[in-house]
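What follows is a single structure, written as structure tokens, with notes after it.
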Amino acid sequence: MERLDKILASQGVGTRSEVRKLIWSGRVAVDGEICRAIDSKWEPTAHDITVSGTPICYRRHLYIMMNKPDGVVSASNDSHVETVIDILPPDLRRKGLFPVGRLDKDTTGLLLITDDGAFAHSVTSPGKKVFKTYRVSLDGALSEEDAEVLRRGVMIDGNEQCLPAQVAVLDEERYIYEIRICEGKFHQVKRMAQAVGRRVTALERTAVGALTLDSSLARGQARELTEAEKRLPLSDGEDVALSRT
Ligand code: URA
């Protein structure tokens, strides 16, 4: 059971003081009855709560897929640069959201955003074997020997050992490759390429586990994961999937 004002604030209806005003002014109903008691307690999944007649559609946690654009940082807040949280559409904003792992400012593609810390940990922890798939454009061809070095697990900057990666050729003429890794070291794909004498010219994340970037999402757009997407296995090893709340 949670306080009515807390439930509404947690769902992004407004700040705590804004939702209190809504409640006092009689715009909030529980199971069809106007409720003006801000401190009344309810089980949000068991009652129909409406604001000005619109149901709040309670979700304990949000799971968002964004097609991250170039030029935006993967952080919750930054006083100088626009963040992925700043560009969320108003209906997906709520307190406590953060990106699951980081993509570089110039990396585009699939970024998960949530307010579920346990889920984020299960996706980013290398031990969970959640593979992240990247479409990698290089400044030249990757030889079969270099691909093998990456597959075995390349040493970057002479002292950081990477876990084995999966490498496939997507477009030989345009030097585009698919690289799958299950860890997230700083600038990892770029540094892996560097370790075999190549430079990344464009980097896009296309999948996290079996969850693939929705190609109908334009750069900068975001949407909630569907129920089917929430059931997808994210891990090649242990069973990592989204919570079902
Ligand atoms: N590897 C990188 O180098 N950059 C990213 O943004 C993600 C993986």
Practice problem: Could you figure out which of (1) more than 26 Å from Thr114 (Cβ to Cβ); (2) surrounded by fewer than 18 Cβ atoms within 10 Å (Cβ to Cβ) isn't true of Val81? | Solution: (1)
Quiz item: Which residue pairs have Cβ atoms under 8 Å apart, sit 6 or more places apart or on different chains, and have a first residue in region 184-198 that is over 14 Å from Gly158 (Cβ atoms) and a second that is of a type in the set (Ser, Thr, Tyr) and part of a helix (DSSP H, G or I)?
Solution: Gly184/Thr124
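Counting only residues that are within 30 Å of Arg199 (Cα to Cα), give me the strands (runs of 3 or more DSSP E) lying completely in region 4-123 with at least 2 of them. Talk me through it step by step, then tell me what you get.
On the way: elements: 28-30, 49-51, 63-68, 108-114.
Strands (runs of 3 or more DSSP E) meeting the threshold: 63-68, 108-114.
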Practice problem: Please go through region 1-51 and pick out each residue that is within 23 Å of Gly96 (Cα to Cα), of a type outside the set (A, V, I, L, M, F, W, C) and open to solvent by 80 Å² or more (accessible area, probe 1.4 Å). | Solution: Lys6, Arg16, Glu18, Lys21, Asp39, Lys41, Thr45
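Please go through region 79-96 and pick out each residue that is within 25 Å of Glu2 (Cβ to Cβ) and modelled with pLDDT under 95.
From region 79-96, those within 25 Å of Glu2 (Cβ to Cβ) are 85, 88, 90-96; that's our starting set.
Answer for region 79-96, where residues must be within 25 Å of Glu2 (Cβ to Cβ) and modelled with pLDDT under 95: Pro90, Asp91, Leu92, Arg93, Arg94, Lys95, Gly96.
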Self-check item: Residue among Ala141, Ala168 that alone is more than 24 Å from Leu111 (Cα to Cα), at pLDDT 95 or above, away from the ligand (no atom under 16 Å from the Cβ) and in contact with a Phe, Trp or Tyr (Cβ under 8 Å, 6 or more places away or on another chain)
Solution: Ala141
Exercise. Exactly one condition in (1) within 9 Å of the ligand (Cβ to nearest atom); (2) open to solvent by 20 Å² or more (accessible area, probe 1.4 Å); (3) over 15 Å from Arg151 (Cα atoms) is not met by Arg199; state its number.
Key: (1)
Self-check item: Single unsatisfied condition, Ser76 versus (1) closer than 21 Å to Glu18 by Cα; (2) modelled with pLDDT under 95
Solution: (1)
Quiz item: Hey, among the residues in region 96-107 that are over 10 Å from the mean Cα position of the chain (by Cα) and farther than 18 Å from Cys182 by Cα, which one's least open to solvent (accessible area, probe 1.4 Å)?
Solution: Gly96
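The values are calculated or read from the model by the stated rules, or taken from the named source; none is laboratory data. Being a predicted model, the structure only gives us computed values, none of them experimental. Reconstructed Cβ throughout: ideal geometry from the backbone, glycine too, with neighbour counts over all protein chains shown. What goes into the accessible areas is simple: the full protein's heavy atoms, side chains included, and nothing from ligands, DNA or RNA. Shrake-Rupley method; radii C 1.70, N 1.55, O 1.52, S 1.80 Å.
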